[in-house]
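Participant: After the structure tokens below, expect a handful of questions from me.
Every number here is computed from the coordinates shown, using simple stated rules; none is lab data. Fair warning: this is a prediction, and the values are worked out from it, not measured in the lab. With ideal geometry, Cβ positions are generated from the backbone for all residues, glycine too; neighbour counts draw on all protein chains shown.
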Amino acid sequence: MDPNATHGKFADILALATPAQKRICKALRAQIAALHKGRVEVVWLRQKIISFGVGPKKMTEHYAYIAIQGSHVNLGFYHGASLADPDGILEGSGKNLRHIKIRDLADAKHLTIARILRRAIAERKAS
């Protein structure tokens, strides 16, 4: 079953974004799609996020999410606290969650984003 049949669609989240945020969201989504062909994508309209994982369960099977914020887009990681972050780009102090503030398209396409996404995908596939 398509999880988005009972949730939302990517276009619903884009409708909440500024033009610059839309470009960032599209670039991040394309990058995740290129790195993980068999991904599951679920849109939670209430939380204004697009979430990606190895299955439909957010906190146990998902590894990343894209969230529209006031002046930027967050690329969040559900298990970010356990990810290697040699570049020091992950923010947050919670038990598990970490995020990266993406302020422009160049940030979204930076190589460090792909590296951390690969780690997050591999971590969820291994669990």
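Participant: Select from SER93, HIS79, LEU14 the residue farthest towards the positive end of the dipole of the range 3-126; place +1 on Cβ of Lys and Arg, -1 on Cβ of Asp and Glu, and compute about the Cα centre.
Facilitator: LEU14
Participant: Tally Lys and Arg at +1 and Asp and Glu at -1 over the other residues with C-beta under 12 Å from the C-beta of ALA11: what net charge comes out?
Facilitator: Summing Lys and Arg as +1 and Asp and Glu as -1 gives +3.
Participant: Dipole of the range 3-126, Cα-centred, from +1 at each Lys and Arg C-beta and -1 at each Asp and Glu C-beta, to the nearest 20 debye?
Facilitator: 240 debye
Participant: In deg cm²/dmol and to the nearest 500, what is the mean residue ellipticity at 222 nm of the chain if only DSSP H runs of at least 4 residues count, each as -39500 (n - 2.57), divided by the residue total?
Facilitator: About -10500 deg cm²/dmol.
Participant: Using the structure shown, list the pairs from LYS26/LYS95; LYS26/LYS57; LYS37/LYS95; LYS26/LYS101 with a Cα-Cα distance above 25 Å, or answer none.
Facilitator: LYS26/LYS95; LYS37/LYS95
Participant: Please report, in Å, the Rg and the Dmax of the chain, where both are computed over Cα atoms only.
Facilitator: Cα-based Rg and Dmax for the chain come out at 13.3, 38 Å.
Participant: Per 0.36 nm of contour for each residue apart, how much would the distance between ARG103 and ALA30 grow if the chain were fully extended, relative to their Cα-Cα spacing?
Facilitator: 24.6 nm
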